[in-house]
Amino acid sequence: MSQAFDFEAFLAKLEELAGCSICLYDFALMSEGSGLEIPYRRQTHCSAYCEAVKRSCHKRCVEEDNRRAQRALEKGQPIVDTCYAGMTELIVPIAIAGKPQGALFIGQANSLSARTAERKQTAIADRKTRRKDQLAAAFAKAPRLTRKQLDSLKPIGDGIVELVRKDWESNRAGPGPRRGPEELGDGSGLLPAGAQIPIVRRTVPRTEGIAKAIEWMGEAFATEASIEKAAKVAGVSVSTFSRKFRRETGCTYRKFLQIIRVQAASFLLKRSDMTVSEIAYAVGYQNAPSFNRAFGQIERTTPVAHIRRNIDWGGGAALPERKPQGNS
C-alpha cells in the first residue's frame, strides 16, 4: 500500500458519509507490523456519550467491548448489537490469515426508544452526582440510526477490513517466526515495538498523575509493579493514589494490573512457543496456578483453552499440540 495513503483521512470521510463513528478494536496490539497510522480516538469509543459513561463504568465498558468483539469473531460475520449503555453498532470481525485480530465498530448510534434509553441511563447514573441529565444530554448528540440502517453499512465495514488485511499482507510477507522466551525478555520487551495493551490504550484518566502511572504500569507490569512505586510515579501518597486510581479507572490498582498481565499473556499464548509456566513468569506471576486463576477471572477460560481457540497460525497451519507446564 502506498505510504502516501492517509488511512485516518479515509476513515474520517467514511464517517462523514455514513453519519456515524468508526473505531478499530484491538488493532494496534494484534496486528504488529502495520503501515497504517491509527490515532487513539480511532482505537476506542470516544463519542460524548461513551466518554460520559466511562467516567463511572470504564471497567464494564472494556468487558462489554471484549464480549461484543468476541461474539462477532465467533459468528464469523458482521452483527448489529446494542451495548449495556444503549449504543448500537455494526460490529465487523477482523481475521487475517485465518486468525482473529479484532473487530471494527461502526455506529455509536441511538436506535432505542426514548423510554428504553432513559431506563439504561438511570441504571448507569451516579445518584450522588446526579449525572442522569448529563448522560441524557450526551446521548441526545448520538446519531439516530435504526438497526436496519446500521446493517446496510456492511459493505463499508467489509471494505475497511479488506483494506486492513491488504495492508497487513503488504507489510508482512508472512506471519514471521514465533518467538521463544529468550527473545521476549520482560516488561516492555514482551510485546512488539509500538504495541500497547488494550486496557492501557483505552483508559483515559482525568489527571496527569494517574495517566503517568498507567503508562508506567504498561511498561513495568512484568517486574516490580507495586502500588508504592506507581504512587511515586503519580507524585502522591499511596492512600491518595489508591483512591484516585479507583475513581478514575473504575477498578482497583491490583485488578487493573491483573488485567494488564492477562492481556499481555493472551498475546503471548497466541504468538510464542513459550509454555504456560514461562508466560506466567514473564508477565509477573511466580507460578502457573496463580496465573491460571488470574487468567480465568479475566478471560473466563483457561490458558490452554485460549490457545486452542486460536489454533490457526499465520500460514494456515494448525497449532501443534503443546503440553503447558503447571496446567491440569
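Every read-out reported here was derived from the displayed coordinates using simple, explicitly stated rules and does not represent laboratory data. In this text the structure is predicted, and so the values were computed from the model without any measurement. Cβ sites come from the backbone with ideal geometry, for glycine too, and all protein chains shown count toward neighbours.
So, R0 is 51 Å and r is the distance between the beta-carbons of Ala114 and Lys75; what FRET efficiency does that work out to, to 0.05? Mind showing how you got there, number by number?
Values: r = 30 Å, r/R0 = 0.59.
Efficiency for this residue pair is about 0.95.
Shape of the range 71-126 from its Cα gyration tensor (a ≥ b ≥ c, root eigenvalues): rounded if a/c is under 1.5, otherwise prolate when a/b > b/c, or oblate? Please report the intermediate quantities before stating the final value.
Working: a/c = 3.62, a/b = 2.74, b/c = 1.32.
Prolate.
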Peptides 78-88, 9-19 ordered by average Cβ neighbours within 10 Å, highest first: 78-88, 9-19
Filter on Lys13/Lys54; Lys59/Lys229; Lys132/Lys244 - keep pairs with C-alpha separation over 32 Å: none
Per-residue Cβ neighbour rank within 10 angstrom, fewest leading, Lys54, Lys229, Lys141: Lys141, Lys229, Lys54
Reachable lysines, given that their alpha-carbon falls under 18 Å from the alpha-carbon of Lys270 and they are not under 8 places away in the same chain: Lys99, Lys323
Separation in nanometres of the label points that stand 7 Å from Cα toward Cβ, at Ala211 and Leu17: 3.4 nm
Projected label distance in nm at Arg67 and Lys255, using a 7 Å step from Cα toward the beta-carbon: 1.5 nm
Lys232-Arg293 FRET efficiency (beta carbon distance; Förster radius 41 Å; 0.05 resolution): 0.90
